[in-house]
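Undergrad: This structure is in structure tokens; I'll ask about it shortly.
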Amino acid sequence: MRNWRIFMSLLAAAGAASGASAANVSRASFGKADGRDVEAITLSNGAGMQARIITYGASIQSLIVPDRDGHKDDVALGFATMDGYLKKPAFFGATVGRVANRIAKGRFTIDGKSYQTPVNDGANALHGGTKGFDKVIWDVVSVKSGPSASVTLRYVSPDGDQGYPGTLTTIATYALDEKNQLTIDYKATTDKPTVVNLSNHAYWNLAGEGSALGAMGHLLTIPADAYTPTDAGAIPTGEIRSVAGTVFDFRKATAIGARVRDASDQQIVFGKGYDHNWVVDRKIAAQPRLLVRVEEPVHGRVMEMLSNQPGLQFYSGNFLDASLSGKAGKLYREGDAIVLEPQMFPDTPNQPSFGSVRLDPGQTYHNVILLRFSTAPAR
């Protein structure tokens, strides 16, 4: 009898351990937008990591990650309620498209026909126009628990939406596994030739979104030999310039704040800091490759971002001006977070030397982004 009890105790313990290691998903209301319900889907794993995705903008509303001592912080900027996203939109955690980044004057041409999307960044279009994918409610297609917890969302953008041709059906899947990896998988199809360049616009502070440390002490590594300089309006000039000997050289881990205000480089003056595209490669890859590594040395959190995309837009939070209050009840100030967007290069629709963001019927657009979280020892 005693041996039987021991056996049953061990069996129960094994079952509990197995359950604890499974990634789970839960759903809740997050408010309303345009008279429709907005959902929050929370993905959790056994290692203490948790991602909350809201259907408004297919956005990362929260990402809780343990530090080297096991303390958990939310490392993604955002608002505590739906009201914040509606009153002061700032692309926090959002899926941006149809075309992420900038299109000069909002104009592009397909097969000799010109198209115009709304300008919302000076004279240029930014992140899809005045009502891009960040400002619409996506439908929940499925949620799954198991070795990887996931939610799949869909948005159907009609022909002519924001001036873009073709009905575009976009699928966004967020998946969290037991290795503290969050995968963001974007796919899109169209019924007419169009242009597509999707990305995620999360603002990261690995010290915690309410931390007074900000993000300028983060150590950044970008394995890119070149970047695309811009004009004063943040539109690439067409040049692909070497990073060697410049403030854009992050091939070795460097604190972001070390050179972010270096006015000797006109590019820093134009962007009021970093707001540029790094050329990791010239083509889309068959498999995701490392685009950037970020380490926050005080708490030890490390984030590695991989993608199949050839470009990385790095923005150092230059326009956070303390007009927004986040989830921790703290004002977001300049340099409090950074944005890292895997994508094709800015203004590619008007710059054929950069490649192509054209999507034709029968083709599938694909951008897969892997966010791998770990910790580093104290320096």
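Undergrad: Within the bounds of segment 318-332, is there any residue that is over 16 Å from residue 127 (Cβ atoms), touching a His at 6+ places or on another chain (Cβ under 9 Å), outside any loop (DSSP other than H, G, I, E, B) and among the aliphatic types (A, V, I, L, M)?
TA: no
Undergrad: So which residues in segment 119-158 are surrounded by 17 or more Cβ atoms within 10 Å (Cβ to Cβ), more than 17 Å from the chain's Cα centre (by Cα) and either at pLDDT below 95 or hydroxyl-bearing (Ser, Thr, Tyr) (or both)?
TA: 148, 155, 157, listed by residue number.
Undergrad: On to the next question. So which residues in segment 360-378 are surrounded by 19 or more Cβ atoms within 10 Å (Cβ to Cβ) and not β-branched (Val, Ile, Thr)?
TA: Once the filter is applied, which keeps residues that are surrounded by 19 or more Cβ atoms within 10 Å (Cβ to Cβ) and not β-branched (Val, Ile, Thr), segment 360-378 yields 365, 367, 370, 371, 373.
Undergrad: Might you check whether a residue that is in contact (Cβ under 8 Å) with a residue 12 or more places away in the chain and under 30 Å from residue 71 (Cβ atoms) occurs anywhere in segment 237-249?
TA: Checked against the condition, which is being in contact (Cβ under 8 Å) with a residue 12 or more places away in the chain and under 30 Å from residue 71 (Cβ atoms), segment 237-249 yields no hits at all.
Undergrad: Identify, from the list 77, 168, the residue that is within 17 Å of residue 59 (Cβ to Cβ), crowded, with 17+ Cβ neighbours inside 10 Å and of a type outside the set (Val, Ile, Thr).
TA: Going through 77, 168 in turn, the sole match is 77.
One line per residue, one yes/no per condition, for (1) modelled with pLDDT under 95; (2) surrounded by fewer than 23 Cβ atoms within 10 Å (Cβ to Cβ); (3) out of contact with any Cys (no Cβ under 8 Å at 6 or more places or on another chain):
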site	(1), (2), (3)
34	yes, yes, yes
37	no, yes, yes
66	no, yes, yes
86	no, yes, yes
92	no, no, yes
109	no, yes, yes
115	no, yes, yes
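Undergrad: Hey, residue 323 hits all of (1) surrounded by 17 or more Cβ atoms within 10 Å (Cβ to Cβ); (2) among the hydroxyl-bearing types (Ser, Thr, Tyr); (3) touching a residue at least 60 places away in the same chain (Cβ under 8 Å) but one; which does it fall short on?
TA: (1)
Undergrad: Answer yes or no as to whether residue 209 is among the charged types (D, E, K, R) and buried (at least 20 other Cβ atoms within 10 Å of the Cβ).
TA: Against the criterion (among the charged types (D, E, K, R) and buried (at least 20 other Cβ atoms within 10 Å of the Cβ)), residue 209 qualifies.
Undergrad: Then there's this: Could you check segment 78-112 and list, in sequence order, the residues that are of a type in the set (Lys, Arg) and either in a helix (DSSP H, G or I) or under 14 Å from residue 202 (Cβ atoms) (or both)?
TA: Result: 87, 105.
Undergrad: In the list 368, 339, which residue meets the criterion of being closer than 20 Å to residue 223 by Cβ, part of a strand (DSSP E or B) and out of contact with any Leu (no Cβ under 9 Å at 6 or more places or on another chain)?
TA: Among 368, 339, only 339 is closer than 20 Å to residue 223 by Cβ, part of a strand (DSSP E or B) and out of contact with any Leu (no Cβ under 9 Å at 6 or more places or on another chain).
The values are calculated or read from the model by the stated rules, or taken from the named source; none is laboratory data. Quick caveat: nothing in here was measured; it's all calculated off a predicted structure. As a convention, Cβ positions derive from the backbone with ideal geometry for all residues, glycine included, and neighbour counts pool all protein chains shown.
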